[in-house]
Amino acid sequence: MRKKTIIGQTVLNSVFVLLCIAAVAPFVLLVSVSFSNEKDLVFNGYKFWPEHFDISAYKYIFSNPAAIFNAYKVTGIFSILSMFLGVFLMALIAYPLGIGKMRGKSFVSMYLYITMMFSGGLVPSYILITQYLHLDDTIWVYIIPSLISPWYVFMIRTFFQGLPYEIYESSVIDGASEYRIFFQMVIPLSKPVLATVALMTFLSKWNDWNTSLLYINKSELFSLQYLLQKLMREIKLLQDMQGSNVSSLINPRDIPTESVRMAMAVIVAGPALFIFPFFQKYFVKGLTVGSVKG
Amino acid sequence: MKIENNPNVKIKKRNRITSREWSLYSMCAIPMILVFVFCYLPMGGIIIAFKNYKFNKGIFGSDWVGFKNFEYFFTTNDFWRITRNTIVMNLLFIFIGLFCAVGLAILLYELKSRAATRVYQTMLITPHFVSMVIVSYMLYAFLHPQNGILNQFLVNFLHLEKVDWYATPMAWPFILVICHIWKATGMNCVIYYAALMGIDQSLFEAARIDGANKRQIVWHIIVPCLTSLMTIMTILNIGGIFRADFGMFYQLPRDIGTLYPTTDVIDTYIFRTMRVIGDMGMSSAVGLLQSIVGIIMVCTTNSISKKVSEISLF
C-alpha cells in the first residue's frame, strides 16, 4: 500500500513538472530569442536555448532608451496611483457594506451589482470621455474611469464580513468613529484581501494597452504595452524611436529586428512577473476568501 | 416579555439618520459618484444606438433613425460571422476551461507535499499575469512562418510542409483555445482547489473504510462537492457568452484580415466599426445588443439551473 502511494505521487509529480514546463516554456523562448544572434534566428529559426549568446538586441535598445524609459515612467505612475487610489476607494465603500450599520445597504449593493450585469458599451463611454469629460490625451484617463471594480468591492466586503464582529462592537462602545475603526482596525486586519486586490489592480494597469489604443494620441503618454504592440505591427517604429543619429550610424539592415522585438517584450514583461511571487503569500488566501463564500 | 409586541409601550421609530450613518454614507459617496459617471451615464448613452451620431452635433443634436442601425447590422454578413465566432469560441473556452480547471484542482489536491503544491501553483498561475500583447509575442515566436518553433517541428520531425499560420483561418480556433487554457487554467483552478480544501475530511475516511478506490472517491465525493461551484461559475461565464475577450481576439491574430472568418468576434467588430470605420451608431447598436443578450443569457441559465439542480446565482 505504501509503495503504491509513492509510485502514485511520483507519477503525479512528473505530470506537474510537465505541466509547469508547458506553462513556462513560452517565457523561456522569449528570453532565449532576445539573447540570440540575429543570423542564427534568420537561418536556423527560434530556439529554446540561444546557439550563440548575444546581447546586441539589448545594446541596441539601450543605446537610446528615451521612448522606453518614458513609457516606463508613465505606466509606473498610473499603475501605482490606480493601485493605491483604487484599493482605498474600494475598501472605503466595502466597509459600510460589510461591517457598518447603515440603512440602504441593499440599495448600494444593487447599485454596484447592476453595473456588473449591464453596461452601456464602448461607444457611449468613448463619447463621454472624449467629448464631455475631455480626459483623452491625459494621464487621468488611465486612472479615473476604472478605479471602482464592483467585483473587487464584493470580494473585499466578503472578507470584511468574515472579520470578528466583536471588534467592531467594542470599538463602537469605546467611542471610536467609523473612520477610525476603518483605518485603525479594519484595514490592518484585512491585509490578505487588500494585497490581493492591489496586486490585481496593479497588474491589470501594468498590462493595459487598450486605453492607449482608444484614448491616447500623444506618443509621450503611450503605455508600455501599447508601445510594444505598436512595435509588433510596425517595425519601422523601432528606427524612428531610436532617432536619426543612431540610424545614420547603423545600417538599417544590421538592426537585429527579431531579437530586438523579443528583448522589448522581456523588458516590458519582466517587472510584473517579478512582483508576483512576493504577493503569493497573501494571494491564494485573499483570492479564495472572496470567491468561495460568494 | 417582548417589548415590540406590547401595545402599551410605544417605541419611537428612529427615522433620523444618526451621525454614524452619515459618516458611513460619506464613505460610499466618492465611489458611488465614480460608478455613476463611468457606468450609469454611459448606460444613458445607449440612445446613440437609435441615432445617426455626428461628433459635431453631439448626442442630443444628432438625428433619430429608429432601428436603422440594427437593421443594417442584421442584413450584413458580418452579423452571422461574429455571432457564430463569439458563441462558439466562448463555449469552447467555458467547457474545456472548466474541465481543465477542475481536473487540475483535483490533481493538485492529490499531491501530498504542500511545498511542491505551492511551487506548481505559482508557476501555473504566472501566465495569467502577462498581458495579451506579450502573449502575442510568444505566440508569434511559435507560429512565425519561417523561424517559428511549430514550423521547425513540422519540417524537422514530421517532414511536412511549412504552414503559414497567420494565413490559415481554420487553425485559429484550436490555437486560441490552447492559448486560453494556457493563460487561464492556473488561475481558475485556485477557486476549485480552495473548495476542495474545504471538504470535510471525515467523508474521505468513511469512504476509505468502506473500501472505495481513488476513482470512486473522485466521482462520488469530490465531483459532487464541486458541483454547485461549477454551476455558479458556468452560469457567470455563460452570462458573458456574448462578450469576447477583446485583448485575446485583437492581439493574438494581430488584426489580420485573412483571419477574420474565424477570429472576428463582437468586441473586435465593435472596436473596428467605431475606430476604423467611424460608424458610432451601428457600433453602439451592436454593443447594446450584446448587453441585452448577456442579461437574457444569465437569467435563462440561472432559472434553468434553479429548476434542474436547485443551484442558482440569485
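The values are calculated or read from the model by the stated rules, or taken from the named source; none is laboratory data. Since the structure is predicted, the reported quantities are computational estimates derived from the model, not experimental observations. Because the Cβ atoms are built from the backbone with ideal geometry, glycine has one as well, and the counts that use them run over all protein chains shown. Just so you know, the surface numbers come from the protein's heavy atoms only, side chains and all, with ligands and any DNA or RNA stripped out. Shrake-Rupley method; radii C 1.70, N 1.55, O 1.52, S 1.80 Å.
A compact table of results
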| item | result |
| --- | --- |
| Dipole of chain B, positive direction: furthest Cα of B:P145, B:F99, B:T18, with charges on the beta-carbon | B:T18 |
| Additional length obtainable on full extension of the chain from A:S219 to A:K101, 0.36 nm per residue less Cα span | 37.6 nm |
| Accessible area (Å², 1.4 Å probe, nearest 10) - B:R208 | 140 Å² |
| Top positive-direction residue, dipole computed over chain A with Cβ charges, set A:T75, A:S34, A:Q161 | A:Q161 |
| Simple Cβ-charge dipole of chain A, Lys/Arg +1 and Asp/Glu -1, about Cα centre, in debye nearest 20 | 940 debye |
| Of every Cα-Cα pair in region B:235-282, the percent that sits beyond 11 Å | 69 percent |
| Cα-projected label distance for A:F69 with B:S309, points at 7 Å along beta-carbon direction, nm | 5.6 nm |
| Simple spin-label estimate for B:I217 and A:E166 in nanometres, 7 Å along Cα-Cβ | 3.7 nm |
| In Å, descending, principal axis extents of the Cα set of the protein assembly as shown | 97, 79, 50 |
| Estimated FRET transfer efficiency (B:R275, B:M170; beta-carbon r; R0 25 Å; 0.05) | 0.35 |
| The protein assembly as shown - charge dipole about Cα centre, Lys and Arg +1 at Cβ, Asp and Glu -1, debye rounded to 20 | 1680 debye |
| Centroid-to-centroid separation of region A:189-204 and region A:45-122 [C-alpha atoms, Å] | 11 Å |
| Charge context of A:E178, other residues only, Cβ under 10 angstrom, K/R +1, D/E -1 | +2 |
| Estimated inter-spin distance, A:M117 and A:L18, nm [label 7 Å along Cα→Cβ] | 4.5 nm |
| Charge dipole (debye, nearest 20) of region A:109-237; +1 at Cβ of Lys and Arg, -1 at Cβ of Asp and Glu | 460 debye |
| Given A:K4/B:K112; B:K183/B:K214; A:K39/A:K230; A:K59/A:K205; A:K101/A:K191; A:K105/A:K205, the pairs whose alpha carbons are separated by over 18 Å | B:K183/B:K214; A:K39/A:K230; A:K59/A:K205; A:K101/A:K191; A:K105/A:K205 |
| For the pair A and B, total buried accessible area rounded to nearest 100 Å², probe 1.4 Å | 8500 Å² |
| Region A:1-159: Rg to Rh, with Rh as the Kirkwood radius over Cα pairs | 1.17 |
| Listed residue (B:I178, B:F246, B:F67) projecting farthest to the positive dipole end of chain B, Cβ model | B:F67 |
| Alpha-carbon Rg/Rh ratio, for chain B, with Rh computed the Kirkwood way | 1.08 |
| Chain B: relative contact order as a whole-number percent, Cα under 8 Å and 6+ apart | 26 percent |
| Estimated vicinal HN-Hα couplings, Hz - region A:135-145 in sequence order (Karplus 6.51, -1.76, 1.60; Gly, Pro = x) | 8, 5, 6, 10, 6, 5, 5, 6, 9, 5, x |
